[in-house]
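Working notes, structure below.
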Amino acid sequence: MSSDTLDVVLRLLGVFVVFLVLPLAIGQTEHKVMAHMQGRLGPMYAGGFHGWAQLVADGVKFAQKEDIVPAGADRRVFQLAPAVALLPYLLVLVAIPVGPGNAVGQFVDAGIFFVLAVMGVGVLGSLMAGWASANKFSLLGGLRTAAQLLAYELPMVLTAASVAMAAGTVSLPGIVDAFHWWWVPWQIVGGIVFFTAGLAELQRPPFDMPVADSEIIFGAYTEYTGLRFAMFLLSEYAGIVVLCGLTTVLFLGGWHGPFGADGLGWLWTLLKTAVLAFVVIWLRVTYPRLREDQLQKLAWTVLIPLALAQIALTGVVKVVTQ
Amino acid sequence: MTGTGSGTGIATAVLAANPHAHGFLSPTGVEIAFLLVGIVTLGAAVVSVTTRQLVHAALWLVVALGGLAVEYLLLTAEFIAWVQVLIYVGSVVVLLLFGLMLTKAPIGRSPDADSGNRWAALAVAAAAAASLVWVVVDAFRATWIDLDGAPQGTTEVTGEILFRHWVLPFEALSVLLLAALVGAIVLSRRKNEEH
């Protein structure tokens, strides 16, 4: 009994460490990759070797800043919003399997629905922040966030359903267990739709109009300072980890690889996640921001038909091969 | 209206649990947790229909709907619980908040957030709650879920029951929803022509 408890505590501790380390690693990578793509060096001094400790320094800076709540704001909702934005990603990480067998924080029977449902809750944090700030730019940011959610939620759920149909299960480890290499070409359209819709959920460029700095300052987060602002930033990077991890698990076969699938499976998961995170950064440097109506058009006229076509294809192949 | 609906649902859940808790002299931990979550859910639902702050009402609705999801979890209906979060917390409440933000819901109390129909609404809510409680109690009077045995609410079990046993009502419901969708499109188009 006590070894069970110890097991659970160790797993949750492991998930928590991943939750703290991986988003920072991605943030640092973003600093460096963006800099080199733009012909700069990026942070070079903090920590000595190529500025590796830049984000630690940033964290110290955030912790020292004054925590301000605007006079006209709704105090409690304003202060609660960053936690509502950040915690769902921690919960989702618990359910993402990294390796074969039992290498998952906590096995969840309806894993796909769990992760999609809980990720959707995180958006409430942005909405709360946008409304409670008593700032018109924040309100506009919140409105754009909500409009964006309505656009991307459906294609995400549809493509996830396609994978669940292919695997015949809705548990995440079960899906990776059922994976074969030919799933990649089979589900590629669904994978691209899922990844694109996920980028829109994270409000990452080219879908960052809810925080468009040249139009509405920083959207829902305009009035935030100090650690609360840092929590919103952290939730964005934790979101990248979650989205890339999920795309890896659902569409790229998780721990399956050409070799070393037994002992080093978790390395494959990490590698694929890292490559996808690099793509997320790459897209930020490459593409200009879409307008809100362009995202709606993209979602309703391209992503959703593609997702439905993917479901049809999955169904046909599934029936023919059985 | 949504608040009333969830309120009655919760009242039902609490009442349905009561015979179970009282059936044995020593209720299990799950039953106690079920009752506590039920009380919290009921409280959140009541606050969400009585508060004068519009956005707070929507946020209390999140607590109420989330509490319902926890109740489903405690009854081992995991799939239903996650779908509840996905649809209600993730989409319906976001839609509500979107509408509130579009109308620029004020921070603080809204003096006009009160309705003359208060007593009629209370009567309708009480009647709906009473009929729901009566139906549920009458239907499941002596049926208790064995929480220690094999889970009865897994995705597999739910899917099999839904698509083998209840497939006709399921299809009827989907046709009904499709009709509602077409109706919504027709309504919105007619408005456009008037402009």
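Please treat every number below as a calculation from the coordinates, not as lab data. A quick note: this is a predicted structure, and the numbers were derived from the prediction, not measured. Reconstructed Cβ throughout: ideal geometry from the backbone, glycine too, with neighbour counts over all protein chains shown.
Some notes on this structure:
- The range A:198-226-the range A:44-62 distance, computed between alpha-carbon centres (Å): 24 Å
- For the range B:74-127, the square roots of the Cα gyration tensor eigenvalues, ordered a ≥ b ≥ c, give a/c of at least 1.5 with a/b no greater than b/c, which places it in the oblate category.
- Close amide H partners of A:G254, meaning residues 5 or more places away or on another chain with modelled amide H under 5 Å apart, are A:V249.
- Note that the range A:154-171 has calculated 3J(HN,Hα) couplings of 5, x, 4, 5, 5, 5, 4, 5, 4, 5, 4, 4, 4, 7, x, 8, 10, 8 Hz, one per residue in order, obtained from phi through the Karplus relation 6.51 cos²θ - 1.76 cosθ + 1.60 (θ = phi - 60°); glycine and proline are x.
- Taking B:S115, A:S126, A:S214, A:S235 and counting other C-beta atoms within 10 Å, the order from fewest to most: A:S214, B:S115, A:S235, A:S126
- Each of B:L177, A:L22 has some number of other Cβ atoms within 10 Å of its Cβ, and from fewest to most they run B:L177, A:L22.
- Counting Cβ atoms of other protein chains within 10 Å of each Cβ in A:67-77 and taking the mean gives 2.
- Radius of gyration and Dmax over the Cα atoms of the protein assembly as shown, both given in Å: 24.1, 74
- For the residue pairs A:K272/A:K297; A:K32/A:K272; A:K61/A:K272; A:K297/B:K104; A:K32/A:K65, the C-alpha atoms sit more than 27 angstrom apart in A:K272/A:K297; A:K61/A:K272.
- 0 to 90° range, to nearest 10: angle between helix A:226-251 axis and chain A longest Cα axis: 10 degrees
- Loop trypsin sites (Lys or Arg not before Pro), the range B:57-124 (other Cβ atoms within 10 Å of the site Cβ: 16 or fewer; DSSP): B:K104, B:R109
- Over the range A:69-321, relative contact order from alpha-carbon pairs under 8 Å, at least 6 apart, %: 27 percent
- In chain A, the longest principal axis of the Cα atoms and the axis of helix A:2-37 are about 70 degrees apart.
- Local electrostatic count at B:G159 - Lys and Arg +1, Asp and Glu -1, tallied over other residues with Cβ under 13 Å: -3
- Peptide A:110-119 has a mean shielding of 6, counted as Cβ atoms of other protein chains within 10 Å of each residue's Cβ.
- Computed from Cα atoms, the angle from the helix A:265-286 axis to the main principal axis of chain A rounds to 50 degrees.
- Across A:F259, A:F179, A:F207, mean-square fluctuation computed from a Gaussian network of chain A (C-alpha pairs under 10 Å connected) peaks at A:F259.
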